[in-house]
Amino acid sequence: MTSRTTSADVPYSAAQMYDLVADVERYPEFLPWCIALRVLNRDLSEAGGKLRAEMIVSYKVFRERFKSGVALNAADKMIDVIYIDGPFRRLHNQWRFEDKPDGGSTIHFFIAFEFRNILLQSTARVVFEKAFARMSEAFVARADDLYGGAQ
């Protein structure tokens, strides 16, 4: 299984970053390789809730569709994503956002995955660091677009 845990400081509040990541339907607008996403069902309130989503990702000759369950916890600024169906054997990722005393916030992110197909898993391992960095940058760039600079 391939996994990674990382933290990054950004000039935006934890609430802003939580809202950005929780808005999964917008991912195709800015997230590399995400070509489509639809929410299959949702049970949401201001406190958070759950939704089930289907995402289509495309990378070179690979095009895969998978479903995930997303648990949103607005009070604790946490998002937990659990794999339901698709090309993975396992997939789990978690976001946690913390305000910093001097402004901005820290994003804590964890991801672990393993594809069923050994070719996909081998390819993923080779490009993982580069892909991870590019996706992380995409979320920060999206925050810059939405929030227009440090808050």
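Summary table below
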| quantity | calculated |
| --- | --- |
| Residue check, Ser105 at negative phi and exposed (fewer than 14 other Cβ atoms within 10 Å of the Cβ) | no |
| Checking Trp95 against (1) over 15 Å from Leu20 (Cβ atoms); (2) at pLDDT 95 or above, the condition it does not meet | (1) |
| Meets criteria (within 20 Å of Ala112 (Cβ to Cβ), among the hydrophobic types (A, V, I, L, M, F, W, C) and either under 14 Å from the mean Cα position of the chain (by Cα) or at pLDDT below 95 (or both)) for Phe62 | yes |
| Candidate set from the stretch 108-134 (those that are surrounded by fewer than 17 Cβ atoms within 10 Å (Cβ to Cβ) and within 11 Å of the chain's Cα centre (by Cα)); member that is modelled with the highest pLDDT | Phe110 |
| Residue count, the stretch 16-25 (criterion: surrounded by 14 or more Cβ atoms within 10 Å (Cβ to Cβ) and within 23 Å of Arg65 (Cβ to Cβ)) | 3 |
| Neighbours by Cβ (under 9 Å, 6+ apart or cross-chain): first from the stretch 76-99, at positive phi and hydrophobic (A, V, I, L, M, F, W, C); second part of a strand (DSSP E or B) and buried (at least 18 other Cβ atoms within 10 Å of the Cβ) | none |
| Number of the condition not met by Ala75 [criteria: (1) exposed (fewer than 13 other Cβ atoms within 10 Å of the Cβ); (2) of a type outside the set (Phe, Trp, Tyr); (3) assigned to a strand (DSSP E or B)] | (3) |
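The values are calculated or read from the model by the stated rules, or taken from the named source; none is laboratory data. All values derive from a computational prediction rather than experimental measurement. FYI the Cβ positions are ideal-geometry reconstructions off the backbone, even for glycines, and counts take in every protein chain you see.
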